[in-house]
1. Just the residues that are assigned to a helix (DSSP H, G or I) and surrounded by 17 or more Cβ atoms within 10 Å (Cβ to Cβ), please, taken from the range 103-159.
2. Please tell me if Phe42 is outside any loop (DSSP other than H, G, I, E, B), touching a Phe, Trp or Tyr at 6+ places or on another chain (Cβ under 8 Å) and either of a type in the set (A, V, I, L, M, F, W, C) or at pLDDT 90 or above (or both).
3. So Ser127 clears everything in (1) in contact with a helix residue (DSSP H, G or I) (Cβ under 9 Å, 6 or more places away or on another chain); (2) without any contact (Cβ under 8 Å) to a residue 40 or more places away in the chain except one condition, right? Which one?
4. Take the residues in the range 51-67 that are buried (at least 19 other Cβ atoms within 10 Å of the Cβ) and out of contact with any strand residue (DSSP E or B) (no Cβ under 7 Å at 6 or more places or on another chain), then tell me which one is nearest to Ala157 (Cα to Cα).
5. Just need a number here: residues in the range 47-79 that are in contact with an Asp or Glu (Cβ under 8 Å, 6 or more places away or on another chain) and at pLDDT 95 or above.
6. Select from the range 19-65 the residues that are of a type in the set (Asp, Glu) and in contact (Cβ under 8 Å) with a residue 40 or more places away in the chain and write down the one among them that is nearest to Leu105 (Cα to Cα).
7. Filter the range 92-102 for residues that are of a type outside the set (A, V, I, L, M) and touching a residue at least 12 places away in the same chain (Cβ under 8 Å); which is surrounded by the most Cβ atoms within 10 Å (Cβ to Cβ)?
8. Of these, Ala23, Ala15, which one is part of a helix (DSSP H, G or I), at pLDDT below 90 and more than 27 Å from Lys145 (Cβ to Cβ)?
Amino acid sequence: MRKRTAAADGGLPAAGRHRRGTAILEFAVGSGVLLAAFSGAFDFGYTLLQYNKLELAVSQGARYASIIPYDSATTTPSTGFLTAVRNMVLYGSPTTGTAPVLSGLTASNVSVTVTFSNGVPSSMEVSITGYTINALFGTYLLTGKPQVTFPYQGVWAPV
């Protein structure tokens, strides 16, 4: 019986003789890279989704603050005004709700700033301070972000 050689097969080695195990190695390397890419995309997407929900809530709170009657003679909002705006950010309603828009978000995270111009309210700014987004690979502390400002269009009725 004659032994087959590479020259007898047209210069090619016997099928698979030098490539055993390469498929499993390629799968291991490729799946590791894909897993890292998918995990990073998930982490980025989750963080962006949480920030987007927060930005929408802040925008609704600022819009609400800009159209309701402002009942303070100074830039310091009254307790009732501040509570209603904070509730709007937290629950999507001026009254206290059962679950906040995002878990871990509290009234102390919502900051309301009133700007006066010529002795009357001119704008309402709502922002988030001290809220942490817990993502898959890390945490992101938000201070002063998101921040939304609307011109005041409500009735000024100081008490």
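1. Residues of the range 103-159 that are assigned to a helix (DSSP H, G or I), as a first pass: 107-109.
The answer is Asn109, and nothing else.
2. Values: outside any loop (DSSP other than H, G, I, E, B): yes; touching a Phe, Trp or Tyr at 6+ places or on another chain (Cβ under 8 Å): no; either of a type in the set (A, V, I, L, M, F, W, C) or at pLDDT 90 or above (or both): yes.
Judged against the criteria, Phe42 is not a match.
3. Here Ser127 clears every test but (2).
4. Within the range 51-67, the subset buried (at least 19 other Cβ atoms within 10 Å of the Cβ) is 54, 57-58, 61-62, 64-66.
Pick out the ones that are also out of contact with any strand residue (DSSP E or B) (no Cβ under 7 Å at 6 or more places or on another chain) and you get 57, 64.
Details: Ala57: 26, Tyr64: 16 Å.
Here the answer is Tyr64.
5. Taking the range 47-79 as the starting set, the residues that turn out to be in contact with an Asp or Glu (Cβ under 8 Å, 6 or more places away or on another chain) are 62, 78.
Filter again for at pLDDT 95 or above, leaving 62.
The qualifying residues number 1.
6. Filtering the range 19-65 for residues of a type in the set (Asp, Glu) gives 26, 43, 55.
Those left that are additionally in contact (Cβ under 8 Å) with a residue 40 or more places away in the chain: 43, 55.
Values: Asp43: 20, Glu55: 13 Å.
Residue satisfying both the conditions and the ranking: Glu55.
7. To start, the set of residues in the range 92-102 that are of a type outside the set (A, V, I, L, M) comprises 92-98, 100.
So of that shortlist, the ones also touching a residue at least 12 places away in the same chain (Cβ under 8 Å) come out as 92, 94.
On the way: Gly92: 15, Pro94: 17.
By that ranking, first place goes to Pro94.
8. On the way: Ala15 fails: part of a helix (DSSP H, G or I).
Going through Ala23, Ala15 in turn, just one is part of a helix (DSSP H, G or I), at pLDDT below 90 and more than 27 Å from Lys145 (Cβ to Cβ): Ala23.
The values are calculated or read from the model by the stated rules, or taken from the named source; none is laboratory data. What you are looking at is a predicted structure, and each value in this text was computed from that prediction instead of being measured. Reconstructed Cβ throughout: ideal geometry from the backbone, glycine too, with neighbour counts over all protein chains shown.
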